[in-house]
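The values are calculated or read from the model by the stated rules, or taken from the named source; none is laboratory data. Predicted model, so just to flag it, every value in this text is computed and none were measured. With ideal geometry, Cβ positions are generated from the backbone for all residues, glycine too; neighbour counts draw on all protein chains shown. We work out accessible area using only protein heavy atoms, side chains counted, and drop any ligands, DNA or RNA first. Shrake-Rupley method; radii C 1.70, N 1.55, O 1.52, S 1.80 Å.
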Amino acid sequence: MVPINDADEEKMEVAVPETAHQISSDSWFQAGFVLTTGINSAYVLGYSGTIMVPLGWIGGVVGLIAATAISLYANCLIAKLHEFGGKRHIRYRDLAGFIYGRKAYALTWALQYVNLFMINVGFIILAGQALKAFYVLFSDDHVMKLPYFIAIAGVVCALFAISIPHLSALRIWLGFSTVFSLVYIIVAFILSLRDGVKKPADYSIPGSSTSKIFTTIGASANLVFAFNTGMLPEIQATVRQPVVKNMLKALYFQFTAGVLPMYAVTFIGYWAYGSSTSTYLLNSVNGPIWIKAVANISAFLQTVIALHIFASPMYEYLDTKYGITGSALNIKNLSFRIGVRGGYLAITTLISAMLPFLGDFMSLTGAVSTFPLTFILANHMYLVAKKTKLNTLQRLWHWLNVCFFGCMSLAAAVAALRLIAVDSKNYNLFADL
């Protein structure tokens, strides 16, 4: 018999609960659309201002292309480990726990939920900004402030979360999401192009020498935030067999056809408005009121759908823990979703309204969770899982990634916290930005 050491015994003690949600039922194409919905969410309307403005043309273009390549690589590493050890790991924490043990299970769980919570805070802010942008097209009385619109957005997101029991149930809503994304991306692209040909833009990077250092580091966190979900195993859990092969197809779709709309609107926005580009591009464009109104409502509706994707791991955990299975319209299940999901989104909405600094939250999310989850953990897990199959050069490569992204994570966290501190001094809580 092969002896079992303490580390192996600890791994065996990690319990992997069943799930109350549907798994192994979706095609790779549906998973690809889920991923593409995330990458082309209304967040893309902010990348001209939060990535290109602090980095400029050279840094922004090179950075986006490099972030695309390294994000595809890191996500492929995670996808290939989905059936490691002869079993499916349907949650990120399950995979980390199987490879490392109980402590890593808990740490990964904490990192992931912090990551998803902050992404959802950003989505609520975005939804509120879209509603406010729609409102000011027709009224300039300033009676309605951004926090009010954020509250409205939170209520709508809660109603949607109560109505859709699990990730696989989105189905037709993914089609609607794609249409909404195309609407605001096409409108933003055409109106930016029209504005850009009228007058040249200033592409100088704003700020003092010191502030440029921090904004550049913060923008690097925004780069990785743009491409990564932090919940790849949960999405892969919905994919039917062969699960690794199908997930790789979904990732190739995401990082080829899926990134093109994001590239287009990010580059055209910066080309048109330069360093004055807003962190919500539809606030910068000029054009017919009805077209801008349609674009803003589309951004709002797409954000509601996208938030549900990123909140689904939390819903899955709670539904599984409390045995919420069977018909979605069962009184017990419906009441549970109203109370629990409504409560979760109420807290998210409150934080969003208190600190509506979208670019800062993107930077902080990238720093404290996207870097560790997608790059540091992915490379190290692959290193541990495949250690007997990797040569010396391959092991060095993975260790280089772990060390480099560890340093980047630390630097980006400091930069993001500084940005939030500066903005908090300049604005009150519940600011109307």
Task: Restricting segment 315-346 to residues that are surrounded by fewer than 18 Cβ atoms within 10 Å (Cβ to Cβ) and among the aliphatic types (A, V, I, L, M), the residue that is modelled with the highest pLDDT - done: A346
Open item on the list: Looking at (1) modelled with pLDDT under 90; (2) hydrophobic (A, V, I, L, M, F, W, C); (3) under 17 Å from T229 (Cα atoms); (4) part of a helix (DSSP H, G or I), which one does L77 not meet, given that it meets all the others?
Closed with: (1)
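Yes or no, residue by residue, for (1) among the aliphatic types (A, V, I, L, M); (2) more than 18 Å from E234 (Cα to Cα):
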| residue | (1), (2) |
| --- | --- |
| H89 | no, no |
| R102 | no, yes |
| S139 | no, yes |
| A161 | yes, no |
| A169 | yes, no |
Open item on the list: Go through segment 200-212 and report how many residues are hydroxyl-bearing (S, T, Y), assigned to a loop (DSSP other than H, G, I, E, B) and under 28 Å from the mean Cα position of the chain (by Cα).
Closed with: 1
Task: Of all residues making up segment 172-199, the number that are surrounded by fewer than 17 Cβ atoms within 10 Å (Cβ to Cβ) and more than 23 Å from the chain's Cα centre (by Cα) - done: 6
TODO: Identify, by number, the condition in (1) under 19 Å from S41 (Cβ atoms); (2) at pLDDT 90 or above; (3) assigned to a helix (DSSP H, G or I) that E234 doesn't meet.
DONE: (2)
Open item on the list: When you check L131 against the structure, is it open to solvent by 20 Å² or more (accessible area, probe 1.4 Å), farther than 26 Å from A31 by Cα and part of a helix (DSSP H, G or I), yes or no?
Closed with: yes
Task: Enumeration of residues in segment 94-129 that are of a type outside the set (A, V, I, L, M) and within 18 Å of V243 (Cβ to Cβ) - done: D94, F98
Open item on the list: Of the conditions (1) open to solvent by 10 Å² or more (accessible area, probe 1.4 Å); (2) farther than 22 Å from F375 by Cα; (3) small (G, A, S), A104 satisfies every one except a single condition; which number is it?
Closed with: (2)
Open item on the list: So T266 passes all but one of these: (1) farther than 30 Å from Y315 by Cβ; (2) surrounded by fewer than 20 Cβ atoms within 10 Å (Cβ to Cβ). Which condition number does it fail?
Closed with: (2)
- [ ] Have a look at T303, T279 and point out the one that is buried (at least 20 other Cβ atoms within 10 Å of the Cβ), in a helix (DSSP H, G or I) and either more than 16 Å from the chain's Cα centre (by Cα) or touching a residue at least 60 places away in the same chain (Cβ under 8 Å) (or both).
- [x] T303
Open item on the list: Take F253 and tell me if it is in contact with a helix residue (DSSP H, G or I) (Cβ under 6 Å, 6 or more places away or on another chain), open to solvent by 10 Å² or more (accessible area, probe 1.4 Å), of a type outside the set (S, T, N, Q) and modelled with pLDDT of 90 or more.
Closed with: yes
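When you look at Y184, is it at pLDDT 85 or above, part of a helix (DSSP H, G or I) and closer than 30 Å to G287 by Cβ, yes or no? Walk me through how you get there before you give the answer.
Numbers: at pLDDT 85 or above: yes; part of a helix (DSSP H, G or I): yes; closer than 30 Å to G287 by Cβ: yes.
Judged against the criteria, Y184 is a match.
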